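First up is the structure itself, then whatever we jot down about it.
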Amino acid sequence: MENSLQEKLDALPERPGVYLWKNNKGDFIYIGKAANLRNRVRGYFSARSQDNHLASQIMRTAAADLEWIVTSNEVEALILEANLVNKHAPRYNILLKDDKHFPYIRVSLSESFPRLAVTRETHKGKDLYFGPYTNSRAMRKTIRYLEKVFRIRDCELSLPLKQPIRPCLSYFLKRCDAPCANLVEPEAYNKGVEEAILLLRGKHKQLRDNLQNRMEAEAKAENFEGAAKLRDQLLALESVQERQRVDLGTEEQPKDLIAAARIGRVGCVVILEVRDGLVSGQKQFEVNSPLEQNESEIITEFIKNYYLTQTFGSIPREILLSHAPLQEENMEGLLREIRGGAVDLEVPQKGEKRKQIHLALENAKLQVSEIVLRREKRDRQNHMVNALREDLQLTKPPDRIEGFDISHLGGTDTVASQVVFINGKPSKKDYRRFNIKTVAGIDDFASMREVLGRRLRRAKEDGKSPDLILIDGGKGQLSAACEAMRNQGLEHIPVIGLAKRLEEVFIPGQSDPLLIPKSSPSLKLLQQVRDEAHRFAVTFQRSKRGRYLRESWLDAIPGVGIKTRVKLLKHFKTPSAILEATREALEGVLGPGLAKKIVAYRENQTETPFGEQK
């Protein structure tokens, strides 16, 4: 141990606080809290902890420097530790994966006519925030439901306007009361906002009672239209509650069920939010546990990080846990301070509560198994990319691979496809389709030259160049691609051709193909790209051909089906050429019977199929 670090260990105070380990680069690698800084930190270097504790073994070799911050008590140390971990994300701390990117629902109470919006940042002020939501699709569905049921505007207008405007479509669909047109008073509009907030807070019973009382009052005042509107809101609320209902007893006390499960260094925490006896929300968090911290440690760190981000009043009085947190008394003190009231943490051992937390734990175990499977699949994809780099002797891994193929029908309707694989996986949002513009007839080489030229011109403009270009074909297609790359001054981009017959890989400048073993993961990746490019090109060509055939004048002739039309188009290339073909030419393709039908149909028409008078 270096003298400077030993001096800092000797100077540690016997006070509560937070300690911060740093590596030789000055980066924070672990942040912890302690009731007694001197005893806790020096314990990392005791003979017993060095043998049995993974954190002690790692800190002994990785830690080069130490800082600490003294606090007044352990609860302050808990809060400070959570804030510092969120800020610095040390390598060896338990971290929620991408926790800073989870979205919230913002209710803009700072506006005269509040609206609902998605945000990833929270700020102090009048606006309310609900979340974080781990399932953004479910969150957006919730927003759409609230806007529809409580008629909350979805526009971004700064209301009220100086001059009213014409209501948008939402007003006529009865999804908004058009505050932009001064058709609703702020008090009436904000009633709906208040009820949406009750639902977001999980206060289903209070909301149901409010709606029921208002509906009865409107009916008594003979405002039947208003009563009907409230009745519809009640029905919508009951429908949602039916879908949410889980057998959690008849308790109406709000509570959170938190369960943690771990496999190796991967963990998952599941929260079931129970409000009015219903599961009103479920959240799942992927957790990185680099020191293989156990479930109790995961739950302890999670509670601090999760509830410190919650808005006032969103922490329930009762929280059931699958595993006991460390320093449970201090954890309750922390939550009391955040909530502004009492909080009970409990690890139920029997009875109805034990069944409830078991439900959350089963969900956590299933989720962590799925996370491990996803990571294994991702590792396999990375292995394929690295194997391809070695087999092709590339200077860097081909993280972005673009595959190209040409497709046509007898030289007509020639199209091309561009597929993109990023880190070994298809990125379908980056796929592109091309109609060949400068090539007539069957000329795959010229078609490939055109497509690559168009793609590379765009690459020069937007700066998004592939790490590897894969051409579906052999030496001819590859030569055309290389010519297009030279014309654009981008011949430095690696390009290969993959011939399907023997799965030979052709490389520019090499006369003999590269034969990669068929069991190699790199060849499997190339085959995936090539086959996807072929599928995408053929699908596009067929869609064009199908549209062409569906709109063909031959549809009206009895006995002329899709196979006959394909045969004619392959031979004559276009419908207009079929229209002008002689009887002898038609008989040579179809035989006398069908040729006679087509000729008779043409002669009986007073107008050509293209709208021209005979």
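The values are calculated or read from the model by the stated rules, or taken from the named source; none is laboratory data. These figures come from a predicted structure and were not determined experimentally. Because the Cβ atoms are built from the backbone with ideal geometry, glycine has one as well, and the counts that use them run over all protein chains shown. For accessibility, only protein heavy atoms count, side chains too; no ligands or nucleic acids. Shrake-Rupley method; radii C 1.70, N 1.55, O 1.52, S 1.80 Å.
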Taking a ≥ b ≥ c as the square roots of the eigenvalues of the Cα gyration tensor, with a/c under 1.5 meaning rounded and otherwise prolate when a/b exceeds b/c and oblate if not, region 304-462 is prolate
Taking only Cα atoms, what is the 0 to 90° angle, nearest 10, from helix 224-244's long axis to the longest principal axis of the chain?
90
Out of 408, 170, 150 - ranked by how far each Cα lies towards the positive end of the dipole of the chain, with unit charges on the beta-carbon of charged residues - the top one is 408
Taking the dipole of the chain about the Cα centre (Lys, Arg +1; Asp, Glu -1; charges at Cβ), the one of 488, 523, 585 that reaches farthest to the positive side is 585
Estimated FRET transfer efficiency (residue 475, residue 122; beta-carbon r; R0 56 Å; 0.05)
0.40
So for each of 511-518, 433-440, 398-405 I average, over its residues, the number of other beta carbons within 10 Å; can you give me the resulting order with the highest mean first?
398-405, 433-440, 511-518
Quick one: Cα centre-to-centre distance for region 477-526 and region 316-365, in angstrom?
59
In degrees rounded to 10, the 0-90 angle between helix 592-604 Cα long axis and the longest Cα principal axis of the chain is 90
What accessible surface, in Å², does a 1.4 Å probe find on residue 155, ignoring ligands, DNA and RNA and rounding to the nearest 10?
40
Using a 10 Å cut-off on Cβ atoms, rank the peptides 413-425, 211-223 from the highest mean neighbour count down.
413-425, 211-223
Taking all protein chains together and a probe of 1.4 Å, list 19, 601, 104 from the most accessible to the least accessible.
601, 104, 19
Round to the nearest 10 and give me the degree value, 0 to 90, for the angle of helix 328-339's Cα axis relative to the longest principal axis of the chain.
70
Just by accessible area at a 1.4 angstrom probe, what is the order of 21, 68 from largest to smallest?
68, 21
Karplus-derived HN-Hα couplings along region 380-394 (A = 6.51, B = -1.76, C = 1.60, θ = phi - 60°), whole Hz, x at Gly and Pro
5, 4, 4, 5, 4, 5, 5, 5, 5, 4, 5, 5, 8, 6, 7
Heads up, the chain by the C-alpha gyration tensor (a ≥ b ≥ c square roots of eigenvalues; a/c under 1.5 rounded, else a/b over b/c prolate, else oblate) looks oblate
Can you find, among 557, 79, 59, the residue sitting farthest towards the positive end of the charge dipole of the chain, where Lys and Arg contribute +1 and Asp and Glu -1 at Cβ?
557
Evaluate the charge dipole of the chain about its Cα centre and quote only its size in Debye, nearest 20, assuming +1 on the Cβ of each Lys and Arg and -1 on the Cβ of each Asp and Glu.
1920
Would you calculate, for the chain, the mean residue ellipticity at 222 nm contributed by helices, counting each DSSP H stretch of 4 or more residues as -39,500 (n - 2.57) and dividing by all residues, to the nearest 500?
-15000 deg cm²/dmol
In nanometres, the difference between 0.36 nm per residue of separation and the alpha-carbon distance of residue 386 and residue 583 is 64.8 nm
Give me the percent relative contact order of region 371-446, please, defined on Cα pairs under 8 angstrom at least 6 residues apart.
24
